[in-house]
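No lab work stands behind these numbers, since they all come straight from the coordinates. Computed from a prediction, not measured in an experiment: that's the story for all the values here. Methodologically, a virtual Cβ is constructed for each residue, glycine included, from the backbone with ideal geometry; neighbour enumeration extends over all protein chains shown.
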Amino acid sequence: MKFYKGLALILSIFTVSCGVTSLRTSDKSYREYEEFYLDSLENFYSKEEDEYIVYLFSDQCRHCENIKGNLFDHLDNIINSKNDTPTYIYNMRSNSTPEGQENRSMFKQKEENYDREELIEEMYDSTISSISETYFFATPSIYLIKNHMFSEYFYGSTNSANYFDSH
């Protein structure tokens with residue numbers, strides 16, 4: 001089972017990174033998409049749908065700014081019923097703010113000098129259904145939730161833009 005999950009992780013990274021899309025910024029504001037906001041990190045795994053996306057961004061994140069167009073096009077497709085995977089967005093805020101620090105403290109804590117790929121593999125190998133069992137690495141990040149459990153993870157501007165453009 002671990003082999004297959006590891007293979008799925010490698011294939012998903014390979015598949016997403018091979019079809020490199022253009023990073024698109026936007027003059028629109030996240031506020032224009034408030035209907036997609038996740039109201040609380042506590043509801044990360046408890047939305048009513050069986051499958052949905054949670055996109056974590058920060059209003060101080062340059063990489064998040066660089067893919068706003070990709071995200072907003074994806075959300076516009078949902079509005080226009082061209083995409084049926086519900087997507088929720090959540091502003092993690094800057095790590096230098098008390099709100100940003102509080103948001104990050106809700107996730108599973110990482111050891112100093114952690115290996116990101118090992119921790120991502122750990123998430124794939126585990127049955128995760130709570131925010132305290134989930135690692136957070138950076139913004140932008142995409143978490144695919146299926147049946148109220150962690151299913152897939154994509155991070156960084158290129159991987160996130162590719163994901164949005166392909167779904």
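When only Cα pairs below 8 angstrom with a gap of at least 6 residues are kept, the chain shows a relative contact order of 33 percent. Only lysine pairs 8 or more places apart or on separate chains count here, and in the chain those with Cα atoms under 19 Å apart total 5. Normalising by residue count, the chain has a Cα convex hull of 118 Å³ per residue. Sorting T134, T139, T21 from the fewest to the most surrounding beta carbons within 10 angstrom yields T21, T134, T139.
Residues whose amide H lies under 5 Å from that of Y88, counting only those 5 or more places away or on a different chain, are I53, V54, Y55; hydrogens are built 1.01 Å from N in the peptide plane. Most mobile of S130, S22, S40 per a Gaussian network model of the chain (Cα springs, under 10 Å)? Maximum among the listed residues: S40. Only Lys, Arg, Asp and Glu carry charge here, each on its Cβ (+1 for the first two, -1 for the last two); on that basis the chain has a dipole of about 340 debye about its Cα centre.
Could you work out the local net charge near I79, counting Lys and Arg as +1, Asp and Glu as -1, over the other residues with Cβ closer than 13 Å to its Cβ?
Once positives and negatives cancel, what remains is -4.
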